[in-house]
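Participant: Quick one: the structure is below, and I'll ask about it shortly.
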Amino acid sequence: TLHHLVRERYPRFVDALSDVDDALALVYLFAALPSTGRVAPKITKKAQTLAAQWGAYCATASCITKTFVSVKGVYMEASIQGCNVCWIVPHSFTQNIPSDVDFRVMTTFFEFYETLLSFVLFKLYTDIGVRYPLPVTGVDVNKSSSMLAANLHVLSNVLRSSGNAVSNAVTAAVEKQNTAFKETDKEVNSSKSSQKLLKTVDDALKKVQNEVDDEDEEM
């Protein structure tokens, strides 16, 4: 398995979360590709499942801060526990697979990113008091318009069945994110103030040194 590689590369959860952008980009790409001979159906299904689980969490935690539509797809940005995570969701068009792309290499990266994203989702869902993975069945998927809708439906049922416990956990998680974001802003502002102070002191010392040099020249 790749679990030990992920743990060695990302000893802290914040390290994994800050590096999940590429994982999401590749997962959403595979989720949009057709299941042909070059892309195994199980990889497409796994990518769709991971993308739906990520989207369901972001919708539940209300952590998406920015989004805009481009030619390539819909760009998303979310603030999760003080980290800004960006990814792109391809448009729901028929995708043509180029013949010069080596999908064996991409599949290798997908296997690693699949493990990484599963670890991240497990931690995020656990923080809001929800067991991961969600108990989404084939019946739920058939009743819904998409995999994301099925995950949101199941997640909403879990939230209702647990009463206020999960709601309080979600609120606490959001407040924790906001607190971390504010502390980061304070550190940035403090750093800027220190830099300005150091610059002012440096300018004053240079001025004093210039005055001393001028006096020495006059003597």
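Participant: Out of Thr49, Thr65, Thr36, report the one residue that is within 24 Å of Leu159 (Cβ to Cβ) and either touching a Leu at 6+ places or on another chain (Cβ under 6 Å) or not in a helix (DSSP H, G or I) (or both).
Facilitator: Thr65
Participant: Something else about it: Given the condition of a type in the set (Phe, Trp, Tyr), touching a helix residue (DSSP H, G or I) at 6+ places or on another chain (Cβ under 9 Å) and modelled with pLDDT of 85 or more, answer yes or no: does some residue in segment 88-103 qualify?
Facilitator: Scanning segment 88-103, I find no residue that is of a type in the set (Phe, Trp, Tyr), touching a helix residue (DSSP H, G or I) at 6+ places or on another chain (Cβ under 9 Å) and modelled with pLDDT of 85 or more, so the answer is no.
Participant: Further question on the same structure: Is it true that Glu114 is modelled with pLDDT under 85 and at negative phi?
Facilitator: No, not satisfied.
Participant: Follow-up. Test Ala23 against the stated conditions and say whether it is over 22 Å from Val141 (Cα atoms) and not aromatic (Phe, Trp, Tyr).
Facilitator: Judged against the criteria, Ala23 is a match.
Participant: So which residues in segment 44-95 are without any contact (Cβ under 8 Å) to a residue 24 or more places away in the chain, open to solvent by 40 Å² or more (accessible area, probe 1.4 Å) and in contact with a Pro (Cβ under 9 Å, 6 or more places away or on another chain)?
Facilitator: The answer is Lys72, and nothing else.
Participant: Something else about it: Does at least one position in segment 127-144 carry a residue that is at negative phi, in a helix (DSSP H, G or I) and at pLDDT 85 or above?
Facilitator: yes
Participant: Between a first residue in segment 1-13 that is of a type in the set (S, T, N, Q) and a second residue that is in a helix (DSSP H, G or I), which pairs have beta carbons less than 9 Å apart while being 6 or more apart in sequence or on different chains?
Facilitator: Listed by first residue and then by second, the contacts come to Thr1/Thr115.
Participant: Related question: So which residues in segment 107-136 are open to solvent by less than 40 Å² (accessible area, probe 1.4 Å) and among the small types (Gly, Ala, Ser), if there are any at all?
Facilitator: Ser118
Participant: Would you check which residues across segment 73-122 are within 21 Å of Asn151 (Cα to Cα), out of contact with any Ser or Thr (no Cβ under 9 Å at 6 or more places or on another chain) and not hydrophobic (A, V, I, L, M, F, W, C) and list them?
Facilitator: Of everything in segment 73-122, those that are within 21 Å of Asn151 (Cα to Cα), out of contact with any Ser or Thr (no Cβ under 9 Å at 6 or more places or on another chain) and not hydrophobic (A, V, I, L, M, F, W, C) turn out to be Pro90, His91, Ser92, Tyr113, Glu114, Ser118.
The values are calculated or read from the model by the stated rules, or taken from the named source; none is laboratory data. Worth saying up front: this structure is predicted, and the values here are computed from it rather than measured. Neighbour counts run over all protein chains shown; Cβ positions are idealised from the backbone, glycine included. Heads up: the accessible areas ignore ligands, DNA and RNA and are worked out on the full protein's heavy atoms, side chains in. Shrake-Rupley method; radii C 1.70, N 1.55, O 1.52, S 1.80 Å.
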